[in-house]
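J.: Pasting a structure below so you can have a look.
The values are calculated or read from the model by the stated rules, or taken from the named source; none is laboratory data. This is a predicted model, so every value here is computed, not measured. Neighbour counts run over all protein chains shown; Cβ positions are idealised from the backbone, glycine included. Surface accessibility is based on the protein's heavy atoms, side chains included, excluding ligands, DNA and RNA. Shrake-Rupley method; radii C 1.70, N 1.55, O 1.52, S 1.80 Å.
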Amino acid sequence: MDIRSPADCPYYLISRAALAITSFLRKGLFDAGAGNIKPAYLGVLLSLWNEDNLRANELGKRAGLEPSSMTGLLDRMEKDGLLKRAPDPEDRRAFRILLTPLGVKAEKASMEAVSSALDRVFIDISDKDIHTVKEVLRKVWINCSKEDL
């Protein structure tokens, strides 16, 4: 791969785009009155809005987060009043993660803000191109998770 400038480096482009989108999402969430929702929370919240009361390890898998990242993220989200941990009745070593009423209520405004922000970020990009980008990024993610790289 020829990487002579930042504009030719996929890593640089992906990281710059991710930072720009994160900033845009943060502002959109704040403007929508969902300021306690941080872009970093979205993987966990999207997973819980689809299915609440998940074991912490299952939630981490669905959100695509490493166990080492989950504890701190769940701590911050719990502090922000969005979720709570409850003992798992089937396994005393495990916890279930449940949305609080505030976490449930945050879905509508958050999803509207995220949808609006992404519509603006991806303006003039065809659905086909967005689909291709998602497929490529999923493959990159899978490749990076392989231990034998």
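J.: Indicate the helices, whole DSSP H runs only, in the chain that combine a mean Kyte-Doolittle hydropathy of -1.0 or more with a Cα extent along their long axis of 24 angstrom or more.
T.: For the chain, where a helix must reach 24 Å along its axis and average at least -1.0, the hits are 10-31, 101-121, 127-145.
J.: Excluding ligands and nucleic acids, what accessible area in Å² is computed for residue 138 using a 1.4 Å probe, to the nearest 10?
T.: Only protein atoms counted, so the area is about 110 Å².
J.: Continuing with this model, one more query. Using unit Cβ charges (K, R positive; D, E negative) and no other charged atoms, how large, in debye to the nearest 20, is the dipole of the range 2-149 about its Cα centre?
T.: Using Cβ point charges on Lys, Arg, Asp and Glu, the range 2-149 gives about 340 debye.
J.: On to the next question. Along the charge dipole of the range 1-108, Cβ charges K/R +1 and D/E -1, which of 98, 23, 67 sits furthest on the positive end?
T.: Towards the positive end, the residue furthest out is 23.
J.: For the pair residue 84/residue 135, report the inter-label distance in nm, with labels modelled 7 Å from Cα in the Cβ direction.
T.: Label-label distance for residue 84 and residue 135, simple model: 4.5 nm.
J.: Using a 1.4 Å probe on the protein heavy atoms only, what accessible surface does residue 9 show? Give it in Å² to the nearest 10.
T.: In the full protein context, residue 9 sits at about 30 Å².
J.: Once the Cα gyration tensor of the chain is diagonalised, what are the square roots of 5 times its eigenvalues, in whole Å and ordered largest first, as equivalent ellipsoid semi-axes?
T.: 30, 21, 13
J.: Which one, 42, 6, 137, projects farthest toward the positive side of the charge dipole computed for the chain from Cβ point charges (K/R +1, D/E -1)?
T.: Value: 42.
J.: Then there is this: At R0 = 22 Å, how high is the FRET efficiency between residue 121 and residue 9 if r is their beta carbon distance? Nearest 0.05 is fine.
T.: Plugging the Cβ-Cβ distance into 1/(1 + (r/R0)^6) gives 0.60.
J.: If you don't mind, there's one more thing I want to ask. Just grab the label-to-label distance for residue 104 and residue 143, each label 7 Å out from Cα along the Cβ direction, in nm (one decimal).
T.: Placing both labels 7 Å along Cα→Cβ, they lie 4.3 nm apart.
J.: How high is the relative contact order of the chain, in percent, with contacts defined as C-alpha pairs under 8 Å that are six or more residues apart?
T.: Once divided by the residue count of the chain, the mean separation gives 22 percent.
J.: If you don't mind, another one. Taking the Cα centre of the range 1-57 as origin, sum charge times position over the Cβ atoms of Lys and Arg (+1) and Asp and Glu (-1), and report the length of that vector in debye to the nearest 20.
T.: 180
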